[in-house]
Amino acid sequence: MFRFFLRRVALTLPTFVALMFVTFVAVRLVPGDPIEARTGERGIAPERLAQLRHELGLDQPVWRQFLDYANGIVHGDFGVSIVTKTPVLQEFAVLFPATLELAFCALIFAVVLGIPAGVLAAVKRGSVFDHAVMTVALTGYSMPIFWWGLLLIMFMSEYLGLTPVSGRMDLINYYFEPVTGFMLIDSILSGQEGAFGAAAAHLVLPSIVLGTIPLAVIARMTRSSMLEVLGEDYVRTARAKGLSPLRVVGLHALRNALIPVVTVIGLQTGTLLAGAVLTETIFAWPGVGKWLIESIARRDYPALQGGIMLISGIVIVVNLIVDLTYVAINPRIRHGG
Amino acid sequence: MKEPLLSIRNLSVTFATSRGPFKAVDGVDLDVAEGELVAIVGESGSGKSVAMLAVMGLLPWTAKVSADRLAFGNRDLLTLSARERRKIIGHDIAMIFQEPMSSLNPCFTVGFQIREAMAAHLDLSSAERQKRAVELLDLVGIPEPERRLKAFPHQLSGGMSQRVMIAMALACSPKLIIADEPTTALDVTIQAQILDLLLRLQKESGVGLVLITHDMGVVAETSQRVCVQYAGQQIEMQGTRGLFADPHHPYTAALLDALPERASGRLLPSIPGVVPGLADRPAGCLFSPRCRFATDTCRTVPPSRASAALGLALCHYPLKDGVPQHREFAL
Amino acid sequence: MNQIAPHEPAARDAVMEAVDLTQSYEVARGLFAKSAIVKAVAGISFRLAPRSTLAVVGESGSGKSTLARMLTMIERPGAGSLRLDDVDVADADTATLRRYRGDVQMVFQNPYGSLNPRQTVGNAIEEPLLVNTKLSAAERRARALDMMARVGLRPEHHGRYPHMFSGGQRQRIAIARALVMRPKILVLDEPVSALDVSVRAQVLNLLVELQDQLGVAYVFVSHDLGVVRHMADEVLVMYLGRVVEHGPREAIFTAPKHPYTRALLSATPVADPEAKKERIVLQGELPSPFNPPGGCPFNPRCPLVMDRCRVEMPPTERKGEQLVACWAA
Amino acid sequence: MADDQALALSPAVPPVEGVPAEASPLRAFWSAFSENRGAVLGLAVVVFIALLALFAPFVAPHSPIEQFRQHVQQPPVWAGGTWAFPFGTDAVGRDVLSRLIYGARISLGIGLSVMLVSVVVGIVLGLASAFLRGIVEVVVMRVMDLVVAIPSLVLAILVVAVLGPSLLNTIVAVTVVYLPRYVRLVRAAALAELSKEYVIAAQVAGVGRLRLMFVTVLPNCLAPLIVQAALGISDAILEAAALGFLGLGAQPPTPEWGAMLADSREFIRAAPWIVTLPGLAILVTVVAINLMGDGLRDALDPKLRRS
């Protein structure tokens, strides 16, 4: 197990290096000189320019710059935002809990609905329920989520007035300093009555919007995995033992069917973070996705570079954890061939 | 003859396919008594497994099962509720499958799967179940049973897996075991071990055993009675010695002649053509296109069953000592 | 080690001669263990006479499929020599290999997997001619149709796809494809084990007739002793990558010398309920190829095992009509 | 050799009889495909939208960029508008229906070009890594791993940030994002085929590597690739629309559906149709293509085909 762990970790290192390389090269390819971006259109004295170039290490050879960049990242230095002048890592750390909270709730929404729906659809294959689940899943999978978000705001918030339109919190009625960065937890810690409800209400629509595609993917995957497993010889063996259908499906089949589903759930991390960019933009959710889009608009390339590096790094690490979990739940791999 | 454990009359199974209904089993009769070893033999597509899966109630929902009688002891399996039927399945009737490696659930230990069968049907404490599981593995010849119970199926070889399957089948002391090609996936020397084990257990416990196989050699060495199937129909049934000495259905005779070990010349007497599929089922006797004795009657009129003296052959002109008999003269 | 006294008929002219063929693989053992070296085939020698059939018998893990792959040069032998018409092809260059490729062809076990589902029967049979010869399209077609007729396929099957054909019919297509280059040797890897009895007889008969007509030699790999006894002139019994017994068919079947051959024969069910025979049921299973036993590989399961068997590999010696590798024989 | 010997077989080897002639592959495919009613419906909708896109200049009542200043934010005909602008007009008085019809050109165009480039590059890289193994495979697959590690939209944003927002760069960005799926699919399919006996049989027959790659193996990998290509079109349309929505795709006044949505966000209360209709157009198109793709999968992938 430990050997496997080491090997798997070692395999991700080249990906990290390549990621650093790509972000480094990409930002160098961006049209426009970073110095110009800093000084704006007022122009700059040549001596000052040379000094700035030296300060930023731009007078060094390219490989040297890359090594400095990589070295910085390894030591937690992801650059400094041009706009806010704060370190990128620090900005990211402030904003990331918001994204994490949203992504987590969206994933819970997707898993809690998706797996039972997929299992029931597979067991009742060909029934009205199956067709309904598959139709909803297909629609969800095909949904432009930015439009879906707007529709929900239009209907739930503007028309029915059930949920807040945007943001994480009702800041007029409640104010408290962030402790953990997670609004649900902080609202409880603040001790203010109604704060938790307000925080939860803000989360509902964004979670549904962000969870829609994962929900569709998980439901479809669970259904097809379940259908495949239900045809396996060992399920027939379980039925031949006279076990109840609930035990056959809920234990023997589901346990095996969940193995690929867990992998798919893990792979949704990327989808969730990508979807967060859109969802956060629509709901004015102060997370890293919205921040990334704003960085482009402000031509804040260090923030963009560092943000992409950090988000991708998180995805790589999560995928690594998923792989290790996969090993842990699959005895065939756990005990070697 | 003893009261049969399992009694089947005119069992038919029809599958709904996209190209219309497909009759996989067509009019099978079978009685199996306690302590008896009956073989069902046939080539692929003969419906031999499907018939027994129908008895177990293990067919997919696309299958429609009908029978004049399908009874275990004095209980009618056709009218039994699913819940009542599950009390018999796995308890009084157990089944062993062809692919031992894929028939065990890869996610659970061997011990869990054996104990589970007992937990479903027997009133035993968990310590008693564990004790019996150890005894069972010992009985089927698995060394170090305590350690093996903790193993996962992928850690076992094919032969070992089949022994585990047998132990699982025996867990609730069934009255009848159905073994569906239990040795086909195994090597010859392992096959010999498994067959010996099955025969020994059958003799010792007096359980009824239905052995489904395509191998005439296995039939000859194990069974007391043989039921031959072709294209879903039961075409002959008689005692094993009688069947090999004097087959009454032309298909049985041709099948035996086509075995290399029974042939004398350099060329084998082969059967032309292939088993009819869904699209090309002949009007009369299903074997008529390949039968060298076939007449116009055979090609147009479905045959009826001959007497027990003629092996219940489903044939217009059953063979006697290799010569076709006109039914009216035969009896 | 295996100084083979060559077989009398084969000694004069052999179309194929193998000396000490050996093949080892490095096998990854799961994710957690070190990879291991597995000797799949160790020191196999034989001579194959024209128009004759050499049967290779063994259970799974015996190395018989690896041997078949080496003989057809799908993979090169790790060591030893393989001579075709006195040319060593074991480590020949690509050009030599190409020249001899047409001389050794193969028929596979699974008739459903060995035909390309997107290739018509005609194209499958013509493909060897297309890539190896300069024949015109018309000539290729003529050769293919001729070969199809020989295996009992009708001309109208030329443009059909394999999925409409049954297992036995597909095996005929595979045989036609293998024989269209008129090879001297056909390696048949379990050619009938996936077929039903009635169809099996058709294919075996076809092989017999084609051997008479075309004079091709067969290497017939099988685990079915009934079929082997029917087809073979000579039999080579393998166990865990080694030859344990090798001799003329009658000698092997009527007077087996090696305890493994005897066990194999006695374990094979015979379709005759009257036959009373003494059953030798071997204990245990095939040892792990990663960790083969010392001495004779059969010693952990052998009923005649002696102390010597556990430490020393027995030499291959002539005993009666056959060559046997056993201390006790 | 006994070539001159009679070809007639002895009675012991009966010739092959009664192999039924097969239906043409196209007919067999259609009968399997048309079994799935959803797929046929999807196909019909896709064909309809494709025709609209193809004949946009003849079908659309107005120019997509002409601004009718007197008719700003006119509601659609069912909400009290006029037949002159059946789907109403947008904030600057452009005809929504015409913009939607021209938008179909852009979305389908992006989807098709992304798919075509991805399929071609995917086949080349996938086959190369499956057949050449070694360093080629390692490099190709590691690069694909990297692309996959970056969340799709984030990667597309990065590419657009480097190249600048435009329609063409949207295509490049979305292609980069979806390429790994095709490469991995082709490689996996090719590796699966390579382990089958017919490939070994072809090698024994002396078939060379190039022929093996493109004539023997590739046709057998096409079924999953076609399915992926169909579903890939819809994914590409969604991704491009998302970029358009973020202002990183097609630039105004191009009538791109995602960009139309972004333009109309602020009128969500006043003129809900400007928000609803472009999104609905995306949804209907993508659902139709996905329905068709599922039907293709059922028809082409025998493993999942209902028996």
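The values are calculated or read from the model by the stated rules, or taken from the named source; none is laboratory data. All of these numbers come straight from a predicted model, not from anything done at the bench. All Cβ positions, glycine included, derive from the backbone under ideal geometry; neighbour counts span all protein chains shown.
Just to check your reading of the model, which residue among C:A149, C:A142 is within 7 Å of chain D (Cβ to nearest Cβ), in a helix (DSSP H, G or I) and of a type in the set (A, V, I, L, M, F, W, C)?
Testing whether each residue is within 7 Å of chain D (Cβ to nearest Cβ), in a helix (DSSP H, G or I) and of a type in the set (A, V, I, L, M, F, W, C) leaves just C:A149.
Would you say D:V217 is in contact with a Ser or Thr (Cβ under 7 Å, 6 or more places away or on another chain) and buried (at least 20 other Cβ atoms within 10 Å of the Cβ)? No; evaluated as a whole, the condition is false for this residue. Against the numbered list (1) outside any loop (DSSP other than H, G, I, E, B); (2) touching a strand residue (DSSP E or B) at 6+ places or on another chain (Cβ under 7 Å); (3) away from every other protein chain (no Cβ under 11 Å), B:M52 comes up short only at (3).
Check C:A36, C:A55, C:A68 and return the single one that is touching a Lys or Arg at 6+ places or on another chain (Cβ under 9 Å) and closer than 14 Å to C:I185 by Cα. Residue meeting the stated conditions: C:A55.
Picking from D:R269, D:R265, which residue would you name as being surrounded by fewer than 23 Cβ atoms within 10 Å (Cβ to Cβ), among the basic types (K, R) and not in a helix (DSSP H, G or I)?
On the way: D:R265 fails: not in a helix (DSSP H, G or I).
Going through D:R269, D:R265 in turn, just one is surrounded by fewer than 23 Cβ atoms within 10 Å (Cβ to Cβ), among the basic types (K, R) and not in a helix (DSSP H, G or I): D:R269.
Please determine whether any residue of region B:227-247 is surrounded by fewer than 20 Cβ atoms within 10 Å (Cβ to Cβ), closer than 25 Å to C:E59 by Cβ and not polar (S, T, N, Q). Taking every residue of region B:227-247 in turn, none turns out to be surrounded by fewer than 20 Cβ atoms within 10 Å (Cβ to Cβ), closer than 25 Å to C:E59 by Cβ and not polar (S, T, N, Q).
With the structure loaded, tell me whether B:Y251 is out of contact with any strand residue (DSSP E or B) (no Cβ under 7 Å at 6 or more places or on another chain) and under 28 Å from B:T14 (Cα atoms) or whether it fails that test.
On the way: out of contact with any strand residue (DSSP E or B) (no Cβ under 7 Å at 6 or more places or on another chain): no; under 28 Å from B:T14 (Cα atoms): yes.
Against the criterion (out of contact with any strand residue (DSSP E or B) (no Cβ under 7 Å at 6 or more places or on another chain) and under 28 Å from B:T14 (Cα atoms)), B:Y251 does not qualify.
Quick one: would you say A:L254 is under 14 Å from the mean Cα position of the chain (by Cα) and either in the same structural domain as A:I213 (by TED's automatic domain parsing) or not in a helix (DSSP H, G or I) (or both)? No, not satisfied.
A:L246 meets each of the listed conditions (1) in contact with a helix residue (DSSP H, G or I) (Cβ under 9 Å, 6 or more places away or on another chain); (2) modelled with pLDDT of 90 or more; (3) assigned to a helix (DSSP H, G or I) apart from (1).
Just one of (1) closer than 20 Å to C:P117 by Cβ; (2) charged (D, E, K, R); (3) in contact (Cβ under 8 Å) with a residue 12 or more places away in the chain fails for D:R211. It is (3).
Can you say whether D:V186 is more than 11 Å from chain C (Cβ to nearest Cβ), crowded, with 24+ Cβ neighbours inside 10 Å and under 30 Å from C:T94 (Cα atoms), as far as the supplied structure shows?
Details: more than 11 Å from chain C (Cβ to nearest Cβ): yes; crowded, with 24+ Cβ neighbours inside 10 Å: yes; under 30 Å from C:T94 (Cα atoms): yes.
So D:V186 passes the test.
Name the residues in region D:193-203 that are assigned to a helix (DSSP H, G or I) and surrounded by fewer than 22 Cβ atoms within 10 Å (Cβ to Cβ), would you? Listed by number, the residues that qualify are D:E193, D:L194, D:E197, D:V199, D:I200, D:Q203.
For region A:58-152, which helices (runs of 4 or more DSSP H) that fit wholly inside it have 1 or more residues that are surrounded by 22 or more Cβ atoms within 10 Å (Cβ to Cβ) and among the small types (G, A, S)?
Working: elements: A:62-74, A:88-123, A:128-141, A:145-152.
Here the list reads A:88-123, A:128-141, A:145-152.
Considering region B:78-95, and only residues there that are outside any helix (DSSP H, G or I) and more than 18 Å from the chain's Cα centre (by Cα), the residue that is modelled with the highest pLDDT turns out to be B:H91. Taking residues in region C:238-262 that are part of a helix (DSSP H, G or I), and partners anywhere that are among the hydroxyl-bearing types (S, T, Y), the pairs with Cβ atoms closer than 7 Å and at least 6 places apart or on different chains are C:I252/C:T261; C:Y260/C:Y239.
Taking the stated definitions as given, is D:V286 part of a helix (DSSP H, G or I), at pLDDT 90 or above and within 9 Å of another protein chain (Cβ to nearest Cβ)? So D:V286 fits the description; yes.
In the set A:G270, A:G266, only one residue is assigned to a helix (DSSP H, G or I), within 23 Å of A:V25 (Cα to Cα) and more than 14 Å from chain C (Cβ to nearest Cβ); that residue is A:G270.
Within region B:9-43, the set of residues being within 22 Å of B:L176 (Cβ to Cβ), outside any strand (DSSP E or B) and touching a His at 6+ places or on another chain (Cβ under 7 Å) comprises just one member, B:G42. Residues of region A:154-185 that are over 29 Å from A:A93 (Cβ atoms) and either within 14 Å of chain D (Cβ to nearest Cβ) or modelled with pLDDT of 85 or more (or both): A:M154, A:F155, A:M156, A:S157, A:E158, A:Y159, A:L160, A:G161. With respect to the conditions (1) more than 24 Å from C:A95 (Cα to Cα); (2) within 10 Å of another protein chain (Cβ to nearest Cβ); (3) in a helix (DSSP H, G or I); (4) touching a residue at least 12 places away in the same chain (Cβ under 8 Å), C:P128 lacks only one, and its number is (1).
Can you spot a residue in region A:187-194 that is surrounded by fewer than 23 Cβ atoms within 10 Å (Cβ to Cβ) and in contact (Cβ under 8 Å) with a residue 24 or more places away in the chain? No - not one qualifying residue is present in region A:187-194. For region D:189-233, the set of residues classified as over 24 Å from the mean Cα position of the chain (by Cα), at the interface with chain C (Cβ under 7 Å from one of its Cβ atoms) and closer than 29 Å to D:V114 by Cβ consists of D:T216 only.
Restricting attention to region B:19-75, the residues being in contact with a Pro (Cβ under 9 Å, 6 or more places away or on another chain) and among the basic types (K, R) number 1.
Of all residues in region A:250-289, those being within 22 Å of A:S224 (Cβ to Cβ) and hydrophobic (A, V, I, L, M, F, W, C) number 12. Scanning region C:40-75 for residues that are over 14 Å from the mean Cα position of the chain (by Cα) and either crowded, with 21+ Cβ neighbours inside 10 Å or modelled with pLDDT under 85 (or both) yields a total of 2.
Test B:M52 against the criterion of being in contact (Cβ under 8 Å) with a residue 24 or more places away in the chain, surrounded by fewer than 22 Cβ atoms within 10 Å (Cβ to Cβ) and within 30 Å of B:L199 (Cβ to Cβ), and give yes or no. Write out each step before concluding.
Working: in contact (Cβ under 8 Å) with a residue 24 or more places away in the chain: yes; surrounded by fewer than 22 Cβ atoms within 10 Å (Cβ to Cβ): no; within 30 Å of B:L199 (Cβ to Cβ): yes.
No.
Here's the yes/no breakdown for (1) assigned to a strand (DSSP E or B); (2) of a type in the set (K, R); (3) surrounded by fewer than 24 Cβ atoms within 10 Å (Cβ to Cβ); (4) away from chain B (no Cβ under 14 Å):
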site	(1), (2), (3), (4)
C:P183	no, no, yes, yes
C:V187	yes, no, no, yes
C:S193	no, no, yes, no
C:L236	yes, no, no, yes
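Is it the case that D:I110 is within 14 Å of chain A (Cβ to nearest Cβ) and over 21 Å from A:A26 (Cβ atoms)? So D:I110 fits the description; yes. Restricting attention to region B:274-306, the residues being touching a Leu at 6+ places or on another chain (Cβ under 7 Å) and either of a type in the set (A, V, I, L, M, F, W, C) or within 14 Å of chain C (Cβ to nearest Cβ) (or both) number 2.
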